[in-house]
Amino acid sequence: MVAEGFTIDLNAPLVFQVGHLGEAYEQWVHQPIVGKEGPRFFKSDFWEFLTRTVWWAIPVIWLPVVCWSISQSILMGRTFPQIAVMAASGIVIWTLLEYIIHRFLFHIKTKSYWGNTAHYLIHGCHHKHPMDGLRLVFPPAATAILCIPLWNLSKLLVAPSMAPALFGGGLLGYIVYDCTHYYLHHGQPSVDPARNLKRYHMNHHFRVQTLGFGITSSCWDWVFGTLPPPKS
């Protein structure tokens with residue numbers, strides 16, 4: 001790929017190359033390379049290691065945090081029906097956050113050097129190499145940062161004794177999202193709704209990248225008018 005005299009070398013670390021594409025980055029990053037082998041990001045083995053996460057690390061690391069959070073509301077005297085409502089509400093809130101993050105952050109248009117570089121790190125790499133199995137889920141460090149605003153939102157919305165259960169539900173929603181996302185790329189569902197979700201998400205990658213931002217559900221695409229048109 002050549003843009004303004006710059007050529008991307010796919011055999012060299014990519015992160016500090018993509019910024020040089022300028023306005024051509026948007027077109028380049030949405031021309032997927034379908035292969036299970038992911039690209040190298042950094043020359044440094046340490047930084048390269050931090051960009052790779054196996055899918056099962058997500059439930060292993062974060063499910064205990066979900067259980068601990070919900071247990072705090074139990075210890076503060078909340079009943080099981082109240083906690084169930086809060087946890088379910090947290091899951092719904094996550095599905096909305098999932099949509100907002102995917103649409104407005106992951107698909108932000110950039111053309112500056114550092115804008116392209118940051119976008120490639122957070123989501124562009126996934127569209128360029130959609131089958132890279134080690135870069136399909138959030139690295140734990142990124143999730144830990146995401147937990148801060150999620151916790152603050154929980155405290156803002158409900159009473160202190162309810163906030164841990166709401167936060168736990170939201171974090172559970174995130175776990176379902178990341179595991180579902182991995183499965184949609186690497187699983188072979190044979191029945192609905194999983195089969196339809198896979199078709200929906202692959203449509204986002206390979207047909208209409210500017211629509212269809214839901215991962216675990218298409219409901220928010222329906223609400224906000226970003227459903228992709230039916231295939232002719």
- Query: In region 154-171, what count of residues is obtained for those that are open to solvent by 10 Å² or more (accessible area, probe 1.4 Å) and under 14 Å from the mean Cα position of the chain (by Cα)?
  - Reply: 0
- Query: What's the number of the condition residue 205 fails, among (1) assigned to a loop (DSSP other than H, G, I, E, B); (2) surrounded by 14 or more Cβ atoms within 10 Å (Cβ to Cβ); (3) not aliphatic (A, V, I, L, M)?
  - Reply: (1)
- Note on the structure: Inside region 116-152, the number of residues satisfying the requirement of being farther than 29 Å from residue 89 by Cα, touching a residue at least 24 places away in the same chain (Cβ under 8 Å) and not aromatic (Phe, Trp, Tyr) is 14
- In this structure, does residue 134 turn out to be of a type outside the set (S, T, N, Q) and in a helix (DSSP H, G or I)? no
- Mind listing whichever residues of region 130-147 are small (Gly, Ala, Ser) and open to solvent by 20 Å² or more (accessible area, probe 1.4 Å)? 141, 142, 144
- Per the filter on region 27-54, residues outside any loop (DSSP other than H, G, I, E, B) and either within 24 Å of residue 115 (Cβ to Cβ) or basic (Lys, Arg) (or both) are 27, 28, 29, 47, 48, 50
- Scanning region 30-71 for residues that are buried (at least 17 other Cβ atoms within 10 Å of the Cβ) and more than 17 Å from residue 129 (Cβ to Cβ), which turns out nearest to the chain's Cα centre (by Cα)? 58
- Query: What tally of residues in region 11-26 results from selecting those that are part of a loop (DSSP other than H, G, I, E, B) and in contact (Cβ under 8 Å) with a residue 60 or more places away in the chain?
  - Reply: 3
- Item | All positions within region 95-129 that are open to solvent by 10 Å² or more (accessible area, probe 1.4 Å), among the β-branched types (Val, Ile, Thr) and more than 27 Å from residue 166 (Cα to Cα) | 108, 110
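The values are calculated or read from the model by the stated rules, or taken from the named source; none is laboratory data. Computed from a predicted structure; not experimentally measured. Here the Cβ is made from the backbone with ideal geometry for all residues, glycine too, and neighbour counts use every protein chain on show. The accessibility values were calculated without ligands, DNA or RNA, using every heavy atom of the protein model including side chains. Shrake-Rupley method; radii C 1.70, N 1.55, O 1.52, S 1.80 Å.
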